[in-house]
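S.K.: Handing you this structure, nothing more for now.
The values are calculated or read from the model by the stated rules, or taken from the named source; none is laboratory data. Note that the coordinates shown come from a computational prediction; the quantities given were computed from them, not determined experimentally. Every residue, glycine among them, receives a Cβ derived from its backbone with ideal geometry; neighbour counts consider all protein chains shown. These area figures cover heavy atoms from the full protein model, side chains too; ligands, DNA and RNA do not enter into them. Shrake-Rupley method; radii C 1.70, N 1.55, O 1.52, S 1.80 Å.
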Amino acid sequence: MIIVIKIVALKFGTEKSITGCDAVGQIVKLGRNVNSNQFHIGEFVYGYIHGSSLLLPDNDAVEDYVSLDAKLAFKPNKNIEFSTVDSIPEGAVSTFEGAASIPCSWGTAGGSLFYHMGLDLEWEPKTPQRNFSVLVWGGSTGLGHALIQLLKSFNAFANIIVVASKQNQQKLKENGATDVFDYHDVDSIKRIADKYSKIQYLFDCVSNQQTINQVYRCADTKRGATVLNYMGIDISAIKFQFKADDVQFDGNILYLALGTKVVYGETVFEPNLSYRKVIIDFIQTVNPKLNSGELQHMPIRVYTNGPDSTLQIMKDVREGKNSGGVKLVATLK
Ligand SMILES: NC(=O)c1ccc[n+]([C@@H]2O[C@H](COP(=O)([O-])OP(=O)(O)OC[C@H]3O[C@@H](n4cnc5c(N)ncnc54)[C@H](OP(=O)(O)O)[C@@H]3O)[C@@H](O)[C@H]2O)c1
């Protein structure tokens, strides 16, 4: 949910554009190029939209009718239904709320691993795809929750080192973390460095000025490392005293999967069709695993007060009520 709030706060969209990126609903009409053998009117789908888009300001997730890119659509099992409880535990996608929690977080995690890192989409290979350690800073974010499960299931690295609040450690370890450090500890970076000196790939799942410097300081400056961020942060954010020649900076923008130009304020990202192809293949691979529960959505708190729920969620996220690894989902029915 942080991404939507940042889009609003940073005024990325035009004045009348509407925000909202994750949606689930029933197909009422097929677009011209949609494969009618694959999708049928009346079926349910879930997926993400570029809410607050400058190019398509009318299309967003907080609407009765939403236009979804069929190539990037997930399909739920046929018996999907609304949750009957306000708190849904981690599990398979079997509710509309569970489905709505998936697209943006999981797509972004998929782009990180299978485009930026170039990992193979091979489920549970016997040996780690890269024989070094990886750091996930912000393991309890929606993004971190997806990344950790994917890192484990695609046996990506020798060690998955995670940074999150202490109270979430047990759950994160069950999901695949090798070790968990608490970012509230003033010496958390030293603790990580004392135990793991060779972290060569680092994901900043919070991506602010403070965390990007913290993450950067955990990188292996001798063998070289890559730091990936999700808010378009560039190297000028890193304090002079921490800068190292062999640490690469990279950024992931999920909207590039739409195959169009992406405009964020004054920054324009050109269409990237290879990124789009990776995300299409990724969705095909993980969709059945999410429906079966081999990969699981995070715990969910459901808001049922119609459109007002979206405003309430934005307020609650600003107040940190989504901490502890819970996704806040509004139902509009
Ligand atoms: N580039 C893209 O395409 C893209 C797409 C999606 C998201 N994003 C970005 O990805 C980031 C994550 O978004 P999200 O919606 O997944 O987040 P989220 O679920 O709203 O994150 C909430 C969690 O952040 C954790 N947190 C807060 N401050 C932290 C810190 N200093 N260190 C470690 N963890 C901290 C808290 O964990 P604890 O409970 O452990 O304290 C909290 O549970 C955001 O920056 C968002 O803008 C970018």
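S.K.: Working only within segment 23-74, note down all residues that are under 20 Å from GLU97 (Cα atoms) and among the β-branched types (Val, Ile, Thr).
M.R.: Residues satisfying the conditions are VAL24, ILE27, VAL28, VAL45, ILE49, VAL62, VAL66.
S.K.: Can you tell me which of (1) more than 15 Å from the ligand (Cβ to nearest atom); (2) touching a helix residue (DSSP H, G or I) at 6+ places or on another chain (Cβ under 6 Å); (3) open to solvent by 10 Å² or more (accessible area, probe 1.4 Å) is the one PHE74 doesn't meet?
M.R.: Condition not satisfied by PHE74: (3).
S.K.: Need a quick list: strands (runs of 3 or more DSSP E) entirely within segment 122-224 having at least 1 residues that are in the same structural domain as GLN248 (by TED's automatic domain parsing) and without any contact (Cβ under 8 Å) to a residue 60 or more places away in the chain.
M.R.: Working: elements: 130-137, 157-163, 179-181, 199-204.
In segment 122-224, the matching strands (runs of 3 or more DSSP E) lie at 130-137, 157-163, 179-181.
S.K.: Being open to solvent by 80 Å² or more (accessible area, probe 1.4 Å), out of contact with any strand residue (DSSP E or B) (no Cβ under 8 Å at 6 or more places or on another chain) and part of a loop (DSSP other than H, G, I, E, B) is the filter here; which residues of segment 308-322 pass it?
M.R.: Correct list: GLU319 only.
S.K.: Quick check on THR260: is it farther than 24 Å from ASP120 by Cβ and in contact (Cβ under 8 Å) with a residue 24 or more places away in the chain?
M.R.: Answer is yes for this residue.
S.K.: Please go through (1) within 14 Å of the ligand (Cβ to nearest atom); (2) part of a helix (DSSP H, G or I) for PHE114 and return the number of the only condition it doesn't satisfy.
M.R.: Looking at each condition in turn, PHE114 falls short on (1).
S.K.: Same structure again: Would you mind finding the one in PHE269, PHE282 that is within 13 Å of the ligand (Cβ to nearest atom) and under 20 Å from the mean Cα position of the chain (by Cα)?
M.R.: On the way: PHE282 fails: within 13 Å of the ligand (Cβ to nearest atom).
Unique residue meeting the criteria: PHE269.
S.K.: Sticking with this structure for a sec: Out of all the residues in segment 100-109, which are part of a helix (DSSP H, G or I) and either away from the ligand (no atom under 11 Å from the Cβ) or among the aliphatic types (A, V, I, L, M) (or both)?
M.R.: Filtering segment 100-109 down to residues part of a helix (DSSP H, G or I) leaves 100, 103-109.
Selection gives ALA100, ALA109.
S.K.: Check whether at least one residue in segment 240-255 is surrounded by fewer than 19 Cβ atoms within 10 Å (Cβ to Cβ), aromatic (Phe, Trp, Tyr) and either more than 16 Å from the ligand (Cβ to nearest atom) or part of a loop (DSSP other than H, G, I, E, B) (or both), and report yes or no. Spell out how you get there, then give the answer.
M.R.: First, the residues of segment 240-255 that are surrounded by fewer than 19 Cβ atoms within 10 Å (Cβ to Cβ): 240-246, 248-251, 253.
Filter once more, so that each one left must be aromatic (Phe, Trp, Tyr): 240, 242, 249.
Those still in the list that are either more than 16 Å from the ligand (Cβ to nearest atom) or part of a loop (DSSP other than H, G, I, E, B) (or both) too: 240, 242.
Scanning segment 240-255, I find at least one residue that is surrounded by fewer than 19 Cβ atoms within 10 Å (Cβ to Cβ), aromatic (Phe, Trp, Tyr) and either more than 16 Å from the ligand (Cβ to nearest atom) or part of a loop (DSSP other than H, G, I, E, B) (or both), so the answer is yes.
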